[in-house]
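Heads up, the thing below is written out as structure tokens.
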Amino acid sequence: MIKIQFENKPIFLCKDYKGLLQKNKTKGTLIAFDFCESKIKDYLDLLLFSDIQSIIVPGDELQHIRLFKRAIKNIIAGGGIVLNEKNECLFIFRKGKWDLPKGKLDLNEQIEDCAMREVKEETGIQSLLLGKKFYTSYHIYIENQYILKETHWYLMSTNDIRFVPQKEEGILKVKWFPINNLFTIKKKTYNTIFDILLKLQKGINKKNPSLQKGRLKKSHK
């Protein structure tokens, strides 16, 4: 399943739409049986201007995400889920929200390099260890047009304790939060970020070796 967040309303691309309906008994859910590239903007307009709370698109999720990328502008970004030995996750505070450091991919840049660069720039971290890819998130926003942002998230770790927020990017604070107590910032973060945090908590609770005590497996380029 692929989840796209838009205006706090999710779009689910999935094969088992009946199972999803049973699991998420949400009022105002529309099932888009007639989904196609030419109707994507119409569906986004519907989410934006109606009482519809979510849309489920049955079928091949990989094929459908490709249709989104053809129908609207697509931006690629890289971001870091930075952990320490205390099982804490590093956040930045920007635009009144706690967020994870991330940024757009530069021309001819590798996505892993983009993620590392953005974390260092936004937090002031000097020493950073890159781990494996953790998740790919999707959200849609509006800047004179609909834009699909595809962010590739990588696990990272650091021993740094001093940070320098990138104020020219509107970042006011850099702070550690315990992974097992992230509900304290639920109302002050984005739905897309909170989904990532839930996956992170699940990995910690299942004692995933690559998440335990900040010990990250090195990526293989």
**Q.** Subset of LYS104/LYS186; LYS41/LYS133; LYS86/LYS188; LYS9/LYS187 violating a 20 Å alpha-carbon distance limit
**A.** LYS104/LYS186; LYS41/LYS133; LYS86/LYS188
Q: Return the whole-Å distance between the Cα centroid of segment 1-59 and the Cα centroid of segment 153-189.
A: 31 Å
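Hey, got a sec? Which GluC sites (Glu not before Pro) in segment 124-190 land in a DSSP loop and have at most 13 other Cβ atoms within 10 Å?
GLU143
Can you give the calculated 222 nm mean residue ellipticity of the chain, where each DSSP H run of n ≥ 4 adds -39,500 (n - 2.57) and the sum is split over every residue, rounded to the nearest 500 deg cm²/dmol?
Theoretical 222 nm ellipticity from helices: -7500 deg cm²/dmol.
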Q) Mind checking the dipole of the chain: about its Cα centre, +1 per Lys or Arg Cβ, -1 per Asp or Glu Cβ, Debye to the nearest 20? A) 920 debye
Q) Could you give the semi-axes, largest first, of the ellipsoid that matches the chain, computed as the square roots of 5 times the alpha carbon gyration tensor eigenvalues and rounded to whole Å? A) 31, 19, 17
(Q) Taking the Cα centre as origin and putting +1 on Lys and Arg beta-carbons and -1 on Asp and Glu beta-carbons, what dipole magnitude results for segment 67-196, to the nearest 20 debye? (A) 500 debye
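Each value in this text was obtained by applying a stated rule to the coordinates, not by laboratory testing. Remember, predicted model here, so these are calculated numbers, not experimental data. Note that each Cβ is placed from the backbone with ideal geometry, even for glycine, and that neighbours are counted across all protein chains shown.
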